[in-house]
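The values are calculated or read from the model by the stated rules, or taken from the named source; none is laboratory data. From a predicted model like this one, the values you see are computed outputs, not experimental measurements. Here the Cβ positions follow ideal geometry from the backbone for every residue, glycine too, while neighbour counts run over all protein chains shown.
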Amino acid sequence: DTEVTQTPKHLVMGMTNKKSLKCEQHMGHRAMYWYKQKAKKPPELMFVYSYEKLSINESVPSRFSPECPNSSLLNLHLHALQPEDSALYLCASSLQAGGSEQYFGPGTRLTVT
Amino acid sequence: GQNIDQPTEMTATEGAIVQINCTYQTSGFNGLFWYQQHAGEAPTFLSYNVLDGLEEKGRFSSFLSRSKGYSYLLLKELQMKDSASYLCAVRGNQAGTALIFGKGTTLSVSS
């Protein structure tokens, strides 16, 4: 199983809503990542978890809150988002910190109204 | 600072060969990656170079020169399905695992 899955595929939320994005992998990878990608732009790193501990937070606003409940799951909790937060949110994983290849999930297309 | 440069757009015809260049200036270097991304889809891994030289994988090859801060992705026998964005990404330091992405090169293949 070389797949990273993400749910939901699409999400529309208002600025006062609270929602969560979910990511799952069963490849035994110990590093997991959240990226944000706007149209026609490259992915921008948001968070890195290594062995279930947050190791990198790229100065992301607190309205985005990551959580790694176990080595297979990664969540991104969303609260009080702004319309400019609308983007494709990509989850990725790699064998471990310093792993040679990151596998990306299909992404969640988020629209904030 | 961190800087990764690649051309914004390229065009080619079916059956041709195209080379997409990438130059980088990063604080430390621990590998260079090429990803392919079709519109509306997630990036998919194409190649990884950490030592100088050429890595070949079917119709795709990637080259790295660390002393020049330079890489290229070579695509042979182009097919229409190769129309996509090609992202060059550098892992900048050993301690972190973050990838720094270039802006991507949009390749259009015509018949």
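Scanning the stretch A:38-55 for residues that are surrounded by 19 or more Cβ atoms within 10 Å (Cβ to Cβ), part of a strand (DSSP E or B) and either touching a residue at least 60 places away in the same chain (Cβ under 8 Å) or of a type outside the set (Phe, Trp, Tyr) (or both) yields A:45, A:46, A:48, A:50. The residue of the stretch A:82-113 that is farthest from the other protein chains (Cβ to nearest Cβ), among those that are touching a strand residue (DSSP E or B) at 6+ places or on another chain (Cβ under 7 Å), among the charged types (D, E, K, R) and not in a loop (DSSP other than H, G, I, E, B), is A:85.
Residues in the stretch B:54-68 that are in contact with a strand residue (DSSP E or B) (Cβ under 7 Å, 6 or more places away or on another chain) and modelled with pLDDT of 95 or more: B:54, B:59, B:60, B:61, B:62, B:63, B:64.
Summed over the stretch B:81-111, the residues that are aliphatic (A, V, I, L, M), surrounded by 15 or more Cβ atoms within 10 Å (Cβ to Cβ) and outside any strand (DSSP E or B) give a count of 1.
Residue count for the stretch A:69-111, restricted to those that are buried (at least 19 other Cβ atoms within 10 Å of the Cβ) and in contact with a Pro (Cβ under 8 Å, 6 or more places away or on another chain): 5. The lone criterion from (1) under 19 Å from residue B:87 (Cβ atoms); (2) of a type in the set (A, V, I, L, M); (3) within 11 Å of chain B (Cβ to nearest Cβ); (4) within 14 Å of the chain's Cα centre (by Cα) left unmet by residue A:39 is number (4). Evaluating residue B:78 against the criteria (1) buried (at least 19 other Cβ atoms within 10 Å of the Cβ); (2) within 14 Å of chain A (Cβ to nearest Cβ); (3) over 14 Å from the mean Cα position of the chain (by Cα) leaves one unmet condition, (2). Has the stretch B:25-47 got at least one residue that is over 26 Å from residue A:33 (Cα atoms) and of a type in the set (A, V, I, L, M, F, W, C)? Checking the stretch B:25-47: not a single residue is over 26 Å from residue A:33 (Cα atoms) and of a type in the set (A, V, I, L, M, F, W, C).
Return yes or no: is residue A:79 within 12 Å of another protein chain (Cβ to nearest Cβ) and touching a strand residue (DSSP E or B) at 6+ places or on another chain (Cβ under 9 Å)? Spelling it out, it is not the case that residue A:79 is within 12 Å of another protein chain (Cβ to nearest Cβ) and touching a strand residue (DSSP E or B) at 6+ places or on another chain (Cβ under 9 Å).
Of the residues B:33, B:29, B:60, the single one that is crowded, with 16+ Cβ neighbours inside 10 Å, within 14 Å of another protein chain (Cβ to nearest Cβ) and either touching a Leu at 6+ places or on another chain (Cβ under 9 Å) or not aromatic (Phe, Trp, Tyr) (or both) is B:33.
Filtered by the rule that a residue be of a type outside the set (A, V, I, L, M), within 8 Å of chain B (Cβ to nearest Cβ) and either within 11 Å of the chain's Cα centre (by Cα) or under 14 Å from residue A:102 (Cα atoms) (or both), the stretch A:45-67 gives a lone residue, A:50.
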